[in-house]
Each structure stands twice: as structure tokens, then as C-alpha cells.
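The values are calculated or read from the model by the stated rules, or taken from the named source; none is laboratory data. This is a predicted model, so every value here is computed, not measured. Here the Cβ positions follow ideal geometry from the backbone for every residue, glycine too, while neighbour counts run over all protein chains shown. These area figures cover heavy atoms from the full protein model, side chains too; ligands, DNA and RNA do not enter into them. Shrake-Rupley method; radii C 1.70, N 1.55, O 1.52, S 1.80 Å.
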Amino acid sequence: MSQILSKNITFVGAGSMAEAIIRGLISEAGVQAEQLVAVNRSNEARLQELNQQYGIRYAASAAERNDAIASADIVVLAFKPSDAAQGILDLKPVLRKEQLLVSVIAGLSIETMETILGSPGWAIVRTMPNTSSTIGLGATGLSFSGGVTDDQRQLGEEMFRSIGIVSIVEEPLMETIVSLSGCGPAYIYYMMEAMIKGGMNGGLTHEEAKRLTVQTVIGAARMVELSGEEPAELRRKVTSPNGATQAAIETMDTCGFADAVSKAMCRAAERSAEMGAAINASIASHTK
């Protein structure tokens, strides 16, 4: 039997990513709704919404929140990066080292979390899910602290496999995960925007250009997945010499398409690191 089926999980923060994980745990992993508790700072209406939608429990009062956090086997840190320092400091008195801490806070390193908590040795899973997790098609990077046991590693993997695929990497590679799959959906949406606009410039209605673009993107992704072939090989197969596709690709090359994507990913990774540094600076000011 899957280990996660016997665990009590408390979500600190009740935004879209917390909801995606809750949905996946219930519908894909088979976790019972009563094993899940959501808490947040003040938005009880949002907690009630999750309760009505999924049947999970929630804690509204301070005493109930503390009890839900202290009694959990797994605590999911799902609040905003700007709230990271104060949020973890507020949790510190009720957390236990036997618990598994799972962070979905962008830019927040394991070392920084250990600094806030006051000592190393905590069992921490740092994650970087993307927005496609909300429909069960996510791609999530996972890194583990030295305090994570083999059983806890399995729990972390099971949790995020319920909302898509996982990639387990050493923590320094998390910035690359951010630039690739974390930001990646936006790159595809941006390309789709351009394709829709191009279709409209050619005389199609917005609705028809969008419909064709969506199906084209879905089909191309599925071709890569199902064929097992490299995208470069599939591209070559549909690029006839001196044909329309070759003319389009040559135009993209002239405009620096591939170089632009590469530079954009580098900048995204840099920005993620900058955000992490800002969190560190905030923590320094909170812990003085």
C-alpha cells in the first residue's frame, strides 16, 4: 500500500497550487479527504470553498491552525515568497523535526529554510511545480535536504506524481527547472499568441485561428511523447526542401528565434536566483 495513504497532510496556504495538490492527492493518489487540512492567515471563505469542493478539513482559529500543523505528518508550505520569512518564523514553534516539510515557495532554498528554523537536519522537500499541475499535467522539480529519509523521499515523489511528472535534481539545478518547466507554459502561450495573430493576419477569425493553434500544439506535443523521437527529428520530417515549412524555419532563424529562447531561459534562471536572494535579505531583517 502507498505510504501517503496513511499520512495526515496540512497545507499552510490555500492558493491555486495547494488546490492542485489537494485535487491530485484525492483523485489520483487515493488519499481520503479527511486526511487533508488547509489553513491560511485570514481568508476563511477560501478555506470553506476548498472544504465544499473537495471535502477536506480546514482550521480557522489560531488554536485550530496550530493543532493542525503540529499534528500533521506532512506540512506543505504554500504561501507567497514575500511571506516566506515571517510565515516560517510563525510556524517554527509548532513544527516538529519528525515532520516532512514540503515547500512550493519559489526561490526559497533549503539552506534558507534551515536558517529560519534555527538548525540543520530538518526533512525538507523543495519543489518547483508549474501551472499545468492544476489540470494534472504538471512538471515538478524536486530536491531533498540531507535530513530526508528514503521513506520521506518516496512520499514527496508520490505527492507530486499525483499532479504530473517529477524530475529529481540536485538543488543548484532548481533554477534551471524554473527556467524550463516553471516558466515554460508562458513560453508556449506566447508562441500561441503569435500563431493566432498570424492566422488572423492571414484572414482567419480569432476563434478559428485559436482552435487550430490549440490543436496544433496539442498534436505536436503528443507526437513527441508517443513517437519517442527527438523534436529535431520530427521537425526535419515535416520540413520539405524548399517548402513552406523550410521558408518559415529559415525566417525564424534569421530573427534569432532559438537564441531568443535560450537567452530568455538564462534570464529566467537569473531572476529566480535574484528572488531567492531577496528572500534571504528579508530573512536577515526578520531574524536580527
task = Name every residue in region 105-143 that is farther than 16 Å from G24 by Cβ and either in a loop (DSSP other than H, G, I, E, B) or of a type in the set (K, R) (or both), in order of residue number.
result = I105, A106, G107, L108, S109, G118, S119, P120, G121, W122, R126
ask   = On the given criteria, is V224 open to solvent by less than 80 Å² (accessible area, probe 1.4 Å), touching a helix residue (DSSP H, G or I) at 6+ places or on another chain (Cβ under 7 Å), assigned to a helix (DSSP H, G or I) and in contact (Cβ under 8 Å) with a residue 24 or more places away in the chain?
value = no
request  = Would you mind listing the helices (runs of 4 or more DSSP H) fully within region 144-207 where at least 3 residues are touching a strand residue (DSSP E or B) at 6+ places or on another chain (Cβ under 6 Å)?
outcome  = 150-161
ask   = Which residues, taken from region 84-108, are surrounded by fewer than 21 Cβ atoms within 10 Å (Cβ to Cβ) and within 16 Å of S272 (Cα to Cα)?
value = A106
request  = Please state which of the following conditions G243 fails to meet, knowing it meets all the rest: (1) under 26 Å from the mean Cα position of the chain (by Cα); (2) open to solvent by less than 80 Å² (accessible area, probe 1.4 Å); (3) free of Cβ contacts under 8 Å to residues at least 40 places away in the same chain.
outcome  = (1)
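Condition check ((1) over 23 Å from N8 (Cα atoms); (2) among the small types (G, A, S); (3) at pLDDT 95 or above) across all residues:
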position: D83; (1), (2), (3): yes, no, no
position: L91; (1), (2), (3): no, no, no
position: V102; (1), (2), (3): no, no, yes
position: L142; (1), (2), (3): no, no, yes
query = Looking at (1) open to solvent by less than 20 Å² (accessible area, probe 1.4 Å); (2) more than 12 Å from the chain's Cα centre (by Cα), which is the only condition T127 fails?
reply = (2)
query = Which of the residues spanning region 124-139 are within 18 Å of L180 (Cβ to Cβ) and without any contact (Cβ under 8 Å) to a residue 40 or more places away in the chain?
reply = T127, L137
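Residues checked against (1) open to solvent by 80 Å² or more (accessible area, probe 1.4 Å); (2) over 30 Å from I110 (Cα atoms); (3) in contact (Cβ under 8 Å) with a residue 60 or more places away in the chain:
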{"position": "V148", "(1), (2), (3)": "no, no, no"}
{"position": "T176", "(1), (2), (3)": "no, no, yes"}
{"position": "A186", "(1), (2), (3)": "no, no, no"}
{"position": "G198", "(1), (2), (3)": "no, yes, no"}
{"position": "H206", "(1), (2), (3)": "yes, yes, no"}
{"position": "R211", "(1), (2), (3)": "yes, yes, no"}
{"position": "G228", "(1), (2), (3)": "no, yes, no"}
{"position": "R236", "(1), (2), (3)": "yes, yes, no"}
message = Name the residue that is farthest from E274 (Cα to Cα), counting only residues in region 66-79 that are in contact (Cβ under 8 Å) with a residue 40 or more places away in the chain, open to solvent by 30 Å² or more (accessible area, probe 1.4 Å) and of a type outside the set (G, A, S).
response = D73
